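Derivation of every value follows stated rules applied to the coordinates shown; laboratory data play no part. Remember, predicted model here, so these are calculated numbers, not experimental data. Quick reminder, even Gly has a Cβ in these numbers, built from the backbone with ideal geometry, and neighbours come from all protein chains shown.
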Amino acid sequence: MKILVTGGAGFIASHVVDRYCALGHEVVVLDNLSTGREEFVNPQARLITADITDAVRMLEILATEQPEIINHHAAHIQVGNSVKHPQFDAENNIIGVLNIMEAAREIPIKKIIMASTGGAMYGNKQTPFTEEMKEEPLSPYGVSKRAGELYLNYYFEQYGIPYIVLRYSNVFGPRQNPHGESGVVAIFSEMLAAGKTPTINGDGTHTRDYVYIDDVAEANVLALESTEIGAFNIGTATEISSNEVFEQVANAFGLQVTPEHGPERPGEQVTSSLDATKAKEKLGWMPSVQFAEGVERVVAWYQHAK
Ligand SMILES: NC(=O)c1ccc[n+]([C@@H]2O[C@H](COP(=O)([O-])OP(=O)(O)OC[C@H]3O[C@@H](n4cnc5c(N)ncnc54)[C@H](O)[C@@H]3O)[C@@H](O)[C@H]2O)c1
């Protein structure tokens, strides 16, 4: 199949592109290279450097390329920055989706798959979060992702374009940007590899659900063939504290380091984890890489392949 992957030069979608290419699909990557890197784009895929906020360009590209599937990962992803610059966040994550969908309805598209957030979607509730829970995002980023989901549902109802939304927990793996605000596995790995001592925000007891990149890429493969419509949590329902993450990463490096502790980030959720029973039942998806194993792979990447 011919698949257009937006954000395919970035962390998650570059792995999705690798899987799609390995399966023999024809892949076109659309990315503005704001955080993505050209060298992450699989050589079997073709890169178009473009911005999803450019409506005219989106119309042109989709009309020319005529993909059968769109896999949409391009986005502004920093929660803290979305609080500071909600318009920028909305421009990328809401207007960007609209530009893609307005262009998509002009061509015979079979499906759109979109990356969304599970961690920032449900607000402060009892964990693990399920898709039945009310979406109550507490940040502009969560709001913009939810808006994107609602627009996909609108285009399905109005124009019959099938969609699958994958709501990820905290994804980790090789190629993750260590200079962002989240992605602590990457942040700790980068610092320890450079001989620096990482700082943990707060007392390090806040927990998150970490899902390994290969499992996330697999969800994007299963979504291709599925006839399901709607949103699916992609997570492990396991909660791991920042202190535990630090310990695992330091162990994998074979280091005995005591981390420093900084101030808590204001508005930070104390805990989050995702129940992915629906993805298991409807998509046949289950996480297969344990956290410790994933950390070993990330550290090996920092030590050898990076
Ligand atoms: N990393 C996570 O833990 C996580 C969790 C939940 C959801 N997600 C979602 O997964 C997707 C990918 O995230 P990631 O972690 O790989 O981030 P990333 O920054 O590595 O990837 C985003 C990619 O999109 C590109 N991009 C950004 N704005 C663009 C624009 N206006 N036009 C064209 N390209 C643009 C960037 O250059 C980059 O290559 C995002 O939609 C994000 O919201 C990520």
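The spacing between the range 246-306 and the range 16-89, judged by their C-alpha centroids, is 25 Å.
Estimated translational diffusion coefficient (Stokes-Einstein, Kirkwood radius over Cα pairs, 20 °C, 1.002 mPa s) of the chain: 110 µm² per second. With axes computed from alpha carbons, what is the tilt in degrees of helix 55-65 against the longest principal axis of the chain, rounded to the nearest 10 within 0 to 90? Helix 55-65 sits roughly 70 degrees off the main axis of the chain.
The coefficient of translational diffusion for the range 184-306, derived via Stokes-Einstein from the alpha carbon Kirkwood radius under 37 °C and 0.692 mPa s, stands at 207 µm²/s.
Both numbers refer to the Cα atoms of the range 1-125; Rg and Dmax are 14.3, 45 Å.
For the chain, the longest principal axis of the C-alpha atoms and the axis of helix 11-22 are separated by about 60°. Taking 279, 22, 252 as the candidate residues, the one with maximal mean-square fluctuation in a Gaussian network model of the chain, Cα springs under 10 Å, is 22. Comparing mean-square fluctuations of 84, 110, 145 from a GNM of the chain with C-alpha springs under 10 Å, the top value falls on 84.
If we count every other residue with Cβ under 14 angstrom of residue 198's Cβ, Lys/Arg +1 and Asp/Glu -1, where does the sum land? It would help to have the intermediate numbers written out before the result.
Details: positive: 196; negative: 181, 190, 244, 247, 260.
Charge balance near residue 198 sits at -4.
Between the Cα long axis of helix 291-300 and the first principal axis of the chain there is an angle of about 90°, rounded to the nearest 10. Using +1 at the C-beta of Lys and Arg and -1 at the C-beta of Asp and Glu, which of 266, 25, 300 has the Cα lying farthest in the positive direction of the dipole of the chain? Result: 25, furthest along the dipole toward the positive end.
A straight Cα-to-Cα reach below 28 Å connects residue 145 with the lysines 2, 84, 110, 111, 125, 134, 278, 280, 282, residues fewer than 8 places away in its own chain not being considered. Expressed to the nearest 5 percent, the antiparallel share of DSSP beta bridges inside the chain is 5 percent.
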